[in-house]
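Single-structure report; data block below.
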Amino acid sequence: MTSNNDTLFARAQLTTPGGVNSPVRAFRSVGGTPRFITRAEGPYFWDADDRRYIDYIGSWGPAIVGHAHPAVIKAVQEAAARGLSFGAPTQGEIEIAEEICKLVPSIEQVRLVSSGTEATMSALRLARGATGRDKIVKFEGCYHGHADSLLVKAGSGLLTFGNPTSAGVPEDFVKHTLVLDYNNAQQLEDAFKDMGDQIACVIVEPVAGNMNLVRATPEFLQTMRRLCTQYGTVLIFDEVMCGFRVALGGAQALYDIKPDITALGKVIGGGLPVAAFGGRADLMGHMAPLGPVYQAGTLSGNPVAVAAGMSTLKLIQEPGFYTRLGTQTSKLVNGLSAAAKEAGVTFSGDAIGGMFGLYFAAAVPDSYATVMASNKDLFNKFFHAMLDAGVYLAPSAFEAGFVSAQHDDAVIEATIAAARGAFAQLV
Ligand SMILES: Cc1ncc(COP(=O)(O)O)c(C=O)c1O
């Protein structure tokens, strides 16, 4: 029998490039037909054949309180009934800004935008505008959205500038972007020694989630903070993914390091399009209308999206929320690791808060190169075996996974039971 997913995928490809509105959804990395989702609730979603899956992508991060949480839905419905968008300021925007500043103390002022890409792109412009410098530093394997100067991979030499990773990005646009190795503090020291006074900003995912999950070492982030302070360079933590995921105050709370600017997204919109960048008030004062750095958005601070975000931010502050989330995520990763060991499959896992990484490798990777050395073919087989068993993992060996507050013991145990069967198919 033909699956409704196949029918929808064929139809989607007629009017949408590749049939999807964001490339990873197309299953290109793992092969097969993407599932078209019809509804979601708690830790589950259902596809067009009405098959239920335990969901471990959580909309790639936002669904931290579980799908369709009644309090979030109620807030959205009430806001929608008052009107969808005004293009004029609202009290809700003040409230969510105050909440963000309270939860992330390095953020004294914040500007709301609609996507993580906008947040990091605007943060870069701010850093360049405030310092009067052009050069930026990013790290191999970190993804910061699809702005031109960030779609860059390392050049041929260690301290040479990068090459575009997308057609349509002129070499000229990326010639100011230096791409260094994640977790390599010495390389960062060398780069600053060479050209520190020309570097506008360093942008980093302090817990990387776009090359699978890779933790920064404290030494790496501490060196970064010290060098940025020494050279007057703006330190940007891109916490679009890890913010409110690895801890209530984000990775900066875990590592106890204050960036100058933070980019946020995902969780702060609770599933609707809200992202933000914020930081030191003196830096944020460079933004229009106060200063010369231009940035704007028709739907920025949209009242319905802000209501979803605000209700989500309230829920994650309930006592014990992160302890429970962290416990469930660790149970999942420990259970999967034990199941792999029983089956004799080379595997390791890592978990921080509600984020996890699964690696078909003997040890947890600490860099882009070590992640890339993991066994992608085994992952792809595992992915499909899990999907067949009703568990939806990220459809790529190089993406992190996400647990929600609704992934209770029964859900985690069902996942581990499915994994036993899946690992057995790999040997
Ligand atoms: C760390 C990080 N920064 C930026 C982005 C871009 O966000 P968006 O997809 O909302 O544009 C992402 C998206 O996954 C991300 O993980």
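The values are calculated or read from the model by the stated rules, or taken from the named source; none is laboratory data. Note that the structure is a prediction, hence the values are computed from the model and not measured. We place every Cβ from the backbone using ideal geometry, glycine too, and count neighbours over all the protein chains shown. For the accessible areas, the whole protein counts, side chains as well, though only heavy atoms, and no ligand, DNA or RNA atoms are used. Shrake-Rupley method; radii C 1.70, N 1.55, O 1.52, S 1.80 Å.
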Requested in this report: Give the accessible surface of segment 348-395 per residue, rounded to a whole number of Å², with probe radius 1.4 Å and ligands, DNA and RNA excluded.
Outcome: 34 Å²
Query raised in the report: What distance in nm separates the simple spin-label points at Ser3 and Lys314, each placed 7 Å from Cα in the Cβ direction?
Result: 3.9 nm
Query raised in the report: For segment 70-315, which whole-number percentage of the solvent-accessible area (1.4 Å probe, protein heavy atoms only) is attributable to carbon and sulfur atoms?
Result: 54 percent
Requested in this report: Sort Arg324, Arg82 by accessible area with a 1.4 Å probe, largest first.
Outcome: Arg82, Arg324
Query raised in the report: Relative contact order for segment 70-315 using alpha-carbon pairs under 8 Å, separation at least 6, rounded to a whole percent?
Result: 29 percent
**Report entry** Exposure ranking of Arg28, Arg226 by accessible area [1.4 Å probe, largest first]
**Finding:** Arg28, Arg226
Query - Packing-based order for 400-409, 118-127, using average beta carbon neighbours within 10 Å, highest first - result: 118-127, 400-409
Query - Residues Ser22 and Phe173, FRET efficiency given R0 of 22 Å [Cβ-Cβ distance, rounded to 0.05] - result: 0.50
Requested in this report: Sticking with the crude label model, points 7 Å out along Cα→Cβ, report the distance from Lys102 to Thr38 in nm, one decimal please.
Outcome: 4.1 nm
Query raised in the report: Given C-alpha coordinates of the chain, what is the ratio Rg to Rh with the Kirkwood estimate of Rh?
Result: 0.96
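Please give the length that would be gained between Val364 and Ala80 if that part of the chain were fully extended, namely 0.36 nm times their separation in residues minus their C-alpha to C-alpha distance (nm, one decimal).
Length gained between Val364 and Ala80: 97.8 nm.
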Requested in this report: Using R₀ = 41 Å, calculate the FRET efficiency as 1/(1 + (r/R₀)^6) where r is the Cβ-Cβ separation of Phe321 and Ser166; round to 0.05.
Outcome: 0.60
Query - Extended-chain gain in nm, criterion 0.36 nm per residue less alpha-carbon gap, Asp388 and Lys193 - result: 64.9 nm
Report task. Take the eigenvalues of the Cα gyration tensor for segment 70-315, scale each by 5, and report the square roots as semi-axes in whole Å, largest first. Result -> 31, 18, 17
Report summary line: Result for segment 70-315: accessible area per residue, probe 1.4 angstrom, in square angstrom, of 40 Å²
Report task. Using the charge dipole of segment 70-315 (Lys, Arg: +1 at Cβ; Asp, Glu: -1 at Cβ; taken about the Cα centre), state which of Val267, Met241, Leu283 has its Cα farthest towards the positive end. Result -> Val267
Query - Pairwise FRET efficiency - Thr346 versus Ala424, Cβ, R0 = 22 Å, nearest 0.05 - result: 0.90
Query raised in the report: Which distance in nm do the two modelled labels at Asp256 and Thr217 give, with both placed 7 Å along the Cα-to-Cβ direction?
Result: 1.9 nm
Query - Reach of Lys341 by Cα under 26 Å, taken over lysines that are not fewer than 8 positions away in the same chain - result: Lys331, Lys376, Lys381
Query - Computed accessible area, Glu342, all protein chains, 1.4 angstrom probe, square angstrom - result: 140 Å²
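If a helix is a whole DSSP H run, which ones in the chain reach 24 Å or further along their own axis (Cα) and hold a mean Kyte-Doolittle hydropathy of at least -1.0?
The answer, listed by residue number, is 321-343.
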